Amino acid sequence: MLMYTHRIPYYVIHKHIIPYTYLPQPKALLRDIRNYIQDINLIESVYLTQYNEFILLSDLFLFHGFNYTMSDISTNLASLFKRHVVFQNKKHIELYPYLRSMNVSNRRHSTVKFIWGLMSPEERNTFINDYLLDNMTV
């Protein structure tokens with residue numbers, strides 16, 4: 001990391017990078033980051049050892065009400081996607097091509113992390129309780 005700082009002019013580091021390193025972050029954001037990291041590690045350790053990424057992605061879609069047979073995006077899934085800045089102004093019907101492209105096999109891992117990042121800590125907790133803990137007790 002230090003070798004890259006020699007390529008950046010001192011003025012840029014001093015005036016544009018260093019001030020942001022000292023800004024306090026909101027406690028809710030820090031809690032969300034900690035929750036994301038802990039929960040994604042838990043989910044991946046269970047799903048990737050017992051199942052696979054396709055099952056995890058399918059469970060995430062089902063949790064948000066997506067029906068593969070109907071090919072219809074639920075309002076719950078649409079509201080989740082609209083939390084992202086790219087999808088905020090998209091209409092409900094315009095989200096479907098993005099959803100189809102996310103299910104490609106070489107993008108599943110990043111899609112899982114993308115969806116997991118859009119979820120709130122409470123939604124993540126509910127998903128873990130409904131899909132992970134219930135399956136472990138059976």
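The values are calculated or read from the model by the stated rules, or taken from the named source; none is laboratory data. What you are looking at is a predicted structure, and each value in this text was computed from that prediction instead of being measured. Because the Cβ atoms are built from the backbone with ideal geometry, glycine has one as well, and the counts that use them run over all protein chains shown.
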(request) Give Ile115, Ile13 a once-over and let me know the one that is among the β-branched types (Val, Ile, Thr) and touching a helix residue (DSSP H, G or I) at 6+ places or on another chain (Cβ under 6 Å). (result) Ile115
(request) For Ile93, indicate whether it is more than 19 Å from Trp116 (Cα to Cα), out of contact with any Asp or Glu (no Cβ under 6 Å at 6 or more places or on another chain) and in a helix (DSSP H, G or I). (result) yes
(message) All but one of (1) under 21 Å from Asp130 (Cα atoms); (2) exposed (fewer than 10 other Cβ atoms within 10 Å of the Cβ); (3) at pLDDT 90 or above hold for Lys27; state the number of the condition that does not hold.
(response) (1)
(request) Among the residues of segment 96-106, write down those that are without any contact (Cβ under 8 Å) to a residue 40 or more places away in the chain, of a type outside the set (Val, Ile, Thr) and over 22 Å from Ser79 (Cβ atoms). (result) Asn106
(request) Return the residue satisfying two criteria in turn: it lies in segment 30-51 and is over 18 Å from Pro121 (Cα atoms) and modelled with pLDDT of 85 or more, and of such residues it is surrounded by the fewest Cβ atoms within 10 Å (Cβ to Cβ). (result) Thr49
(request) Identify, from the list Ser101, Ser110, Ser105, Ser74, the residue that is under 21 Å from Asn35 (Cα atoms) and among the polar types (S, T, N, Q). (result) Ser110
